[in-house]
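Okay, so here's the structure we're looking at.
Every number in this text was worked out from the coordinates using simple rules, so none of it is lab data. Please read all numbers here as calculations on a predicted model, not as lab measurements. Don't worry about glycine lacking a Cβ; one is built from the backbone with ideal geometry, like all the others, and counts go over all protein chains shown.
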Amino acid sequence: MADIDIIKDENIVYKKSKVLTDNVMHYCPGCSHGVVHKLIAEVIEEMGIQDKTIGVSPVGCSVFAYNYLDIDWQEAAHGRAPALATATKRLMPDKYVFTYQGDGDLASIGAAEIIHACNRGENITVIFINNGIYGMTGGQMAPTTLVGMKTATTPYGRDVELNGYPLKMTELVAQLPGTCYVTRQSVHTPATVRKCKKAIRKAFENQDKKIGTSFVEVTSTCNSGWKIPPVEANNWMVDHMFKFYKQGDLKDSEKDNPDDYKKFIE
Amino acid sequence: MAKVKGTIVVDKEKCKGCGLCVVACPQDVIELAKEVNGKGYNFAYMAKPDLCIGCANCAQVCPDSIITVYQTKI
Ligand SMILES: Cc1ncc(C[n+]2csc(CCOP(=O)(O)OP(=O)(O)O)c2C)c(N)n1
Ligand code: SF4
Ligand code: SF4
């Protein structure tokens, strides 16, 4: 039984962000997409940029992201979100422009777009949801699928000889001079949720400084595709995904290269 | 030392029963109900309401943002 005395507006310490709509999310129970949507909404609300933010949604489970965040959106063809975001930001440099992409979208069909947008140093934010699988289409292997990981198209586990190696997109774009902030986060515990939110906030704030592309990978779960219930899927992610996809900042121009960085923002 | 008392309100009909809040709660307050909601999910509820400290951990990990958290000093 909830405590009626405490349930008063002045006692609220946490509630749903105003930037989130009241629509019920279509995501599977426990899917990381919902947590990341919430964090983006909170950052937009706290920065006061709801009317200045344009999202580009991908093809994948998050294709309907525009139903859940009450901002302006564009829907890109599969993998092409960085190209659309490039045009949008160049035409409207005072807007905050971000892409929201899964690993099938960003690392497979859209690999060229993301590499070149990052290499051009487009002044955009990229949110990359890496759940190691194609969720929407029924759990097929993605470029990011771990070696030995079972998917609908690798029923005996990913075999390097047949399927090649998993692709670390985040390490790849960190090498490019166009990126200013590259980090790998997760949202499986309250502490990592708070840390991830700070990273997303920084990635948005970088657009004010015009210092290049900010890239936030969120190592995620796809419990339906992995065929593991939500809580266990988070544990599986920690035990397996984190070994290959090391958590933390890969590049932060502000810290790594303060002199160059100053030159940049003058 | 000032003590705090918290409580949560779960939007029962929107809950999908993923259980992520259950493991996120440091006080073991939350359980999944034996009954189901309109969508057929075992929704989250406060099994031990007296223990809630209003830390908001449960709400922060909730993918569907359906938990509101209240806190007051006692
Ligand atoms: C041009 C084109 N090719 C293929 C597809 C089929 N398709 C839809 S979603 C998807 C991959 C989704 O995986 P991911 O980007 O990892 O997102 P998730 O669903 O896991 O969030 C594919 C291949 C498509 N819609 N369009
Ligand atoms: S299929 Fe996977 S990525 Fe898609 S909503 Fe379900 S859990 Fe999330
Ligand atoms: S607010 Fe904190 S103590 Fe209360 S139910 Fe949520 S996680 Fe548990």
Fill in the blank from the handout: Inter-chain shielding metric for A:23-35, i.e. average beta-carbon neighbours from other chains within 10 angstrom, reads 5
Exercise for the section: Pop the C-beta distance of A:Asn119 and B:Lys73 into the FRET formula with R0 = 45 Å and round what comes out to the nearest 0.05. Expected result: 0.25
Completion exercise
So for R0 = 35 Å, FRET eff. of B:Leu51-A:His26 from the Cβ-Cβ r, to 0.05, ends up at 0.55
Problem - Net charge over other residues, Cβ less than 13 angstrom from the Cβ of B:Lys3 (K, R count +1; D, E count -1) - result: +1
Practice task
Return the average number of partner chain Cβ atoms within 10 angstrom of each residue Cβ along peptide B:52-63.
Solution key: 6
Practice task
In whole angstrom, note down how far apart the Cα centers of the range A:206-253 and the range A:105-145 are.
Solution key: 12 Å
Fill in the blank from the handout: Eigenvalues of the alpha-carbon gyration tensor of the protein assembly as shown, times 5 and square-rooted, give semi-axes in Å, largest first, of 33, 25, 18
Practice task
Could you work out the local net charge near A:Ala152, counting Lys and Arg as +1, Asp and Glu as -1, over the other residues with Cβ closer than 13 Å to its Cβ?
Solution key: +3
Exercise for the section: Would you grab the residues whose amide H sits under 5 Å from the one on A:Tyr100? Only those 5+ places off in sequence or on another chain, please, with H modelled 1.01 Å from N. Expected result: A:Val56, A:Ile127
Practice task
Output the peptides A:50-56, A:183-189 sorted from most to least packed, where packing is the average of other Cβ atoms within 10 Å over each peptide's residues.
Solution key: A:183-189, A:50-56
Problem - Cys with no candidate disulfide partner in chain B (beta-carbon separation under 4.7 Å rule) - result: B:Cys15, B:Cys18, B:Cys25, B:Cys52, B:Cys55, B:Cys62
Exercise for the section: Please give, to one decimal in nm, the separation of the simple spin-label points placed at A:Asp72 and A:Lys52, each 7 Å out from Cα toward the Cβ. Expected result: 1.3 nm
Handout entry: Amide proton proximity set for A:Ala76, modelled H, under 5 Å, gap of 5+
Key = A:Ser57
Practice task
Return the aspartates and glutamates within reach of A:Lys195: Cα separation strictly under 20 angstrom, same-chain partners fewer than 8 residues apart disregarded; answer none if there are no such residues.
Solution key: A:Glu42, A:Glu45, A:Glu46, A:Glu171, A:Glu205, A:Glu217, A:Asp239, A:Asp249, A:Asp252, A:Glu254, A:Asp256, B:Asp64
Handout entry: Length added when fully stretched, A:Lys8-A:Ala191, from 0.36 nm per residue minus Cα-Cα
Key = 63.2 nm
Fill in the blank from the handout: With Cα springs under 10 Å, the Gaussian network model of chain A assigns the largest mean-square fluctuation among A:Asn23, A:Asn130, A:Asn206 to A:Asn23
Fill in the blank from the handout: Looking only at lysines whose Cα falls under 19 Å of A:Lys168's and that sit 8 or more positions away or on another chain, we get A:Lys150, A:Lys243, A:Lys246, A:Lys251
Handout entry: For the range A:180-196, 3J(HN,Hα) per residue [Karplus equation, 6.51 cos²θ - 1.76 cosθ + 1.60, θ = phi - 60°, Hz, x = Gly/Pro]
Key = 10, 9, 9, 9, 10, 10, 8, 9, 8, 9, x, 5, 6, 4, 5, 5, 4
Practice task
Compute the convex hull volume of the Cα atoms of the range B:4-69, divide it by the residue count, and report the result per residue in Å³ as a whole number.
Solution key: 66 Å³
Completion exercise
Of the residues A:Thr154, A:Val231, A:Phe242, the Cα lying farthest along the dipole of the range A:132-262 towards its positive end, which is defined by charges on the beta carbon of Lys, Arg, Asp and Glu, belongs to A:Val231
Fill in the blank from the handout: If the label point sits 7 Å along Cα→Cβ of A:Thr153, residues of the range A:216-231 with amide N under 16 Å come out as A:225-226
Handout entry: Charge context of A:Lys95, other residues only, Cβ under 9 angstrom, K/R +1, D/E -1
Key = 0
Completion exercise
Mean other chain Cβ within 10 Å across B:5-18 is 4
